[in-house]
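Below is one structure, written out as structure tokens, with a few remarks after it.
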Amino acid sequence: MITRKDIAEKANVSVSVVSRALNNSGYVDAEKRERILQIAEEMGYHPNPVAMSLMSRRTRQILFYCKELKNAFNIELYEGMLEEAQKQDYMMVINGNLNFQNVRNVMTDGIILPNEVIAQKYLNDIGKNYYLPTVVASYGRHIAFSRAIPRIDCDLWKGAEKILQYLWDRGHQKIAMVTSYDFDNDEARILVWKDFMKYELGDQIERYYFGINSKSLSMDQRVMSFPEEKGRGDIKIPENFFEKGELGAEIFHERKTDATAVLCFNDEMALGFCKRLRQLGYRIPDDISVAAFDGVYSRRYSDKNPTTLALNPKKQGSKCVEVLLDMINGRKFKYVSDIQTNILEGDTVRDIRR
């Protein structure tokens, strides 16, 4: 293994001069620097990354915690991080093991967390006493953190209003909702739907809410087939949105509401919902219109491309890395950065005014 001492001996200079030349730090005569770099290349010198990180106090690595690697939204979020990190000569490391004590043993310059709930847990576990530059991808939850960390926020409050208004403007005044959470959950999509539909649906509003979870469906054994429901409250277990969408379609069929449109929690849930509805004999969008959130690439794999509110996860992931590296390098940054949403029209919403 070639060392700096070997290069110094061949160049007839001191090791400290070699170090300054290789690190581009401190004065070295231009001709001598060029000779040292040429010798290093000829000898096949490659610096030890661990040693380099100890000297520079930089690993040039960023850790992204993500438990749901089967979720296309998180993959697109990661792709955005990867592109921005490569531009700035950084590497992305991904980990889905929710044991934040292990973060202390990871060589990383900073951490990106996928949502506010995970960020709150991280800060409560180690984040208050262990300083590591931290950024969170956020979605409108009103959670007060124990210390201030930058949020790259996709405004689901305005976004949910946008997609609901889109359905309303096409004649859909009775819009049901399918999610994996219970009716009292404080998630932005749920709260906006309840506020938007409260006057139209009145005291019947819960009949139009399909929460596919063990709390909402405590008497329905079908929901207990999901591991996340058997271990309810354990945020280490990923949600199976696609299959919960399928079950949501079955319950929607059984409940026989007069909803003309359904808003699903995300694209994966909408794909499962639409698949099962068609198996039950429904025509989409002729019999029922379906819309969702996320706007991920997996929508294209269905013969009916769902209409959706695009949250633009690649842009959000890229911004997470950009702000985190500003923190790491001592540059100015904003504590809240906004990611805009937009509607992607598909094949699953019909204008019933015509």
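The heavy atoms of Asp351 present about 20 square angstrom of accessible area, all protein chains included, probe 1.4 Å. Peptides 335-346, 216-227 ranked from most to least packed give 335-346, 216-227, packing being the mean of other C-beta atoms within 10 angstrom over each peptide's residues. Beta bridges from DSSP with both residues in the chain: antiparallel share about 10 percent, rounded to the nearest 5. Considering only the Cα atoms of segment 259-307, their convex hull presents on average a projected area of 3.0 nm².
Evaluated with a Cβ-only charge set (Lys, Arg +1; Asp, Glu -1), the chain carries a dipole of roughly 600 debye about its Cα centre, given to the nearest 20. For the pairs Lys158/Lys334; Lys67/Lys314; Lys275/Lys319; Lys70/Lys314, flag any whose C-alpha to C-alpha distance is greater than 25 Å. Pairs exceeding the cut-off: Lys275/Lys319. Dividing the alpha-carbon radius of gyration of segment 171-249 by the rule-of-thumb value 2.2 N^0.38 Å gives 1.14. Ellipticity at 222 nm from helices only: DSSP H runs of n ≥ 4 in the chain, each -39500 (n - 2.57), divided by the residue count, give -11500 deg cm²/dmol. Here the peptides 174-184, 305-315 are ranked by packing, the mean other Cβ count within 10 Å, and the order with the highest first is 305-315, 174-184. Only the Cβ atoms of Lys and Arg (+1) and of Asp and Glu (-1) were treated as charged; on that basis the dipole of segment 144-276 about its Cα centre amounts to roughly 60 debye.
Only one residue of Ser302, Gly248, Cys274 has its Cα farthest out toward the positive end of the dipole of segment 244-326, where Lys and Arg carry +1 and Asp and Glu -1 on Cβ, and that residue is Ser302. Note on the chain: Kirkwood hydrodynamic radius from all Cα pairs is 23.0 Å, rounded to one decimal.
The values are calculated or read from the model by the stated rules, or taken from the named source; none is laboratory data. The structure presented is a predicted model; accordingly, all values stated were derived computationally and were not measured. Glycine also receives a Cβ, built like all others from the backbone with ideal geometry; neighbour counts cover every protein chain displayed. The protein model used for the area step is the full one, side chains on, heavy atoms only, and it has no ligands, DNA or RNA in it. Shrake-Rupley method; radii C 1.70, N 1.55, O 1.52, S 1.80 Å.
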